[in-house]
Amino acid sequence: MALVGNMIHDAKAGDPSVVNYAMFVAVFGMLSLIYLIAGTINESFSGSPMFMLIADALNTIFFFCGGVALAADLKVHSCGNQDYIHSNGITNGSDDPSKRCHEAQAVTAFLWFGFASFAASMVFSFFGMKGSTTPRPSIIRRGPGKV
C-alpha cells in the first residue's frame, strides 16, 4: 500500500487508472484482513464462515486482476532503459521515472504474492466452512456399565 501511495504522491500530472486500482486493491485487502483476522481468532466475529469465504474470494479476484493489469501496462522492461521509462504511461509520471518504475514492478510482485496468499486462504476458508456445516457425530451416553 505504501508503494502505491508513494507512486500516487510523486505523480506530476495524475495517475493511470491501473495505479488507482492497485491502491483500491491494497486498501480493500487491508480492511478485509481486519475482518478475516478477527473471524479467525474468534468465530463469533465472522458471523458465518460463508462471509469469510466471500471476502477471500473477492480479494483473490481483485489481486489477480490488479497483478494482470499492472503487469500488462508495465510490459516488464528494464528500469534502466531510458526510452522505455519515458515512453511508458505508468513509469513516466514523476520527476524520477526510474524510481517509479522500480516501485511499479515491486507493486506488481506484491499483487501476485497477495493473489497467491488469498487463494490459499480461500481454500482454507472453504474447508473450514465445509467442516463447520457438517453435523458432528454425537457420543451416545448410556447408563453406568454393568459389573
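Things worth noting here:
- Near pairs, Cβ below 7 angstrom, 6+ apart or cross-chain, from the range 98-119 (farther than 19 Å from residue 75 by Cα) to any residue that is among the hydroxyl-bearing types (Ser, Thr, Tyr): 115/60; 118/60; 119/60
- When each of 45, 51, 64 is tested for being modelled with pLDDT of 95 or more and either more than 16 Å from residue 114 (Cα to Cα) or aromatic (Phe, Trp, Tyr) (or both), the lone residue that passes is 64.
- Here is the figure for the range 51-81: residues that are in contact with a helix residue (DSSP H, G or I) (Cβ under 6 Å, 6 or more places away or on another chain) and either hydrophobic (A, V, I, L, M, F, W, C) or free of Cβ contacts under 8 Å to residues at least 24 places away in the same chain (or both) total 13.
- The helices (runs of 4 or more DSSP H) found wholly in the range 1-116 and carrying at least 3 residues that are exposed (fewer than 13 other Cβ atoms within 10 Å of the Cβ) and aliphatic (A, V, I, L, M) occupy 17-41.
The values are calculated or read from the model by the stated rules, or taken from the named source; none is laboratory data. Here the structure is a predicted model, which is why all the values come from computation and not from measurement. For neighbour counting, all protein chains shown are included, and Cβ atoms are generated from backbone atoms with ideal geometry for every residue, glycine included.
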